[in-house]
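Right, one structure below, let's go through it.
The values are calculated or read from the model by the stated rules, or taken from the named source; none is laboratory data. Worth saying up front: this structure is predicted, and the values here are computed from it rather than measured. Don't worry about glycine lacking a Cβ; one is built from the backbone with ideal geometry, like all the others, and counts go over all protein chains shown. For the accessible areas, the whole protein counts, side chains as well, though only heavy atoms, and no ligand, DNA or RNA atoms are used. Shrake-Rupley method; radii C 1.70, N 1.55, O 1.52, S 1.80 Å.
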Amino acid sequence: MTDTPISLPGTPARGPSPPETTDILSVVLRAVRLSGSFLFRAEFSSPFCCAAPDSRLVAPLLVPGAKSLIFFHVVTEGRCVAEVEKHEPMVLGPGDVIALPYGDAHAIGNPAGAAPTPMSKLLPPPPWPEPPMVVHGGGGEVTRILCGFLSCDDALFSPVLTNLPRVLCVRGRERPSWLETSCRYMLEEASVHRPGGACLLGRLAELLFVEVLRRYIEETGEHEIGWLAALKDPMVGKALELIHGNLAHAWTVDALGRAIGLSRSALAERFRHLLNEPPIQYLTRWRLQTAAQLLRDTDEGIAAIAAQVGYESEPAFNRAFKRHAGEPPAAWRSGARARGRLSR
């Protein structure tokens, strides 16, 4: 029997398109389940430069079981220069937010090129009963920054988190909005010690990242590539909407192309250009990501989950899942739930 997902025989025919517009970003963020945390607030004075390591080195210390983290920094006062390998230095000012979806090593300083001090030397030894305050620098111009991270549960198959830009930068001062208001609220909440503060700051971190993604999509240029650019692309964006809106449908590249008025070859070429993989590979990985979410968060049976994500049988689903995850769905479910209990 083939592993190719198809509609179940005997079930009502599914149309090739959802009845209304699919909010793909919300669907994706629910499936990968981000969890935010406020890390520390900093008061730097020029000249200064602090260097943060690759998140893979610190993730297990901050979130048990995590392999990497999404770092973010919010400049609330002053200015600084953010430097990330293979990227042009970015001058940041009040209200600006920089996020690093892959947790790359980076440095923040003023002026650019100052001798870096490892962040590990500035922070007190963990654990921290509350987010610490870091004061560092040479006594000149003051820059205040809020720093935090987000972890992502079991995004093992996600075609989304492997296709984000390595650096997301949103300019708060160019278009004041909820982003600016939330930054002020985060600063106020981080400066006082009130019941529930850590939980509130974590939720604000998650909302902040969602707003950064939304703003980045709106501001994406026509020559950029990646998943956020694909959402905005008039053709590939429609194909993604069809895929995410009706995951169990027996999609083929021909069917997707016909639905959006594009030839099979043109769709495949545009899809690969933006997302670096063919449409069916994307579809397969997203089906498995959705299945992982259902395995982790529900008690539905394996056969029912297989049907929801478009597999013709439980054995076909088991083979596909094991091929990508290294273990069958039932074993993966047990491990994911054990990891969830460990991180609480």
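Some notes on this structure:
- Calculated FRET efficiency, E219 to R339, Cβ-Cβ distance, R0 = 41 Å: about 0.70 to the nearest 0.05.
- Largest-first principal axis extents, alpha carbons of the stretch 189-322, Å: 57, 43, 21
- Solvent-accessible area per residue, Å², over the chain with all protein chains present [probe radius 1.4 Å]: 48 Å²
- Amide H contacts of G78: R144, each under 5 Å away and 5 or more positions distant or on a separate chain (H built 1.01 Å from N in the peptide plane; Pro and chain starts excluded).
- Pair T162, A304: separation of 7 Å Cα→Cβ label points (nm): 3.0 nm
- Over the stretch 90-226, volume per residue of the alpha carbon convex hull, in Å³: 150 Å³
- Distant-in-sequence amide H partners of D96 (H built 1.01 Å from N, under 5 Å): V75, G172, R173
- Ligands, DNA and RNA left out, the 1.4 Å accessible surface of the stretch 275-344 is 52% carbon and sulfur atoms.
- Kirkwood hydrodynamic radius over Cα pairs of the stretch 15-101, then Stokes diffusion coefficient at 4 °C and 1.567 mPa s, in µm²/s: 80 µm²/s
- Ratio of the Cα radius of gyration of the stretch 74-151 to 2.2 N^0.38 Å, where N counts its residues: 1.12
- Short to long, the 5 Å bins of the Cα pair-distance histogram for the stretch 156-266 hold 2, 10, 16, 15, 15, 13, 10, 8, 6, 3, 2, 1 percent of all pairs.
- Long pairs among K86/K238; K67/K322; K86/K121; K86/K232, criterion Cα-Cα beyond 30 Å: K86/K238
- Calculated log₁₀ intensity ratio I(q)/I(0) where the Debye formula runs over C-alpha points of the stretch 235-277, q = 0.31 Å⁻¹: -1.20
- When peptides 86-95, 71-80, 266-275 are ranked by their average number of other Cβ atoms within 10 Å per residue, the highest-first order is 71-80, 266-275, 86-95.
- Accessible area, probe 1.4 Å, largest first, for residues T181, T143, T22: T181, T22, T143
- Of the Cα atoms belonging to the chain, the radius of gyration and Dmax stand at 22.0, 74 Å.
- Diffusion coefficient, µm² s⁻¹, Stokes-Einstein with Kirkwood Rh over alpha-carbon pairs of the stretch 204-247 at 10 °C and 1.306 mPa s: 140 µm²/s
- Value of [θ]222 nm, deg cm²/dmol, for the chain, DSSP H segments ≥ 4, -39500 (n - 2.57) each, nearest 500: -13000 deg cm²/dmol
- Surface composition of the stretch 122-171: carbon and sulfur make up 58 percent of the accessible area, probe 1.4 Å.
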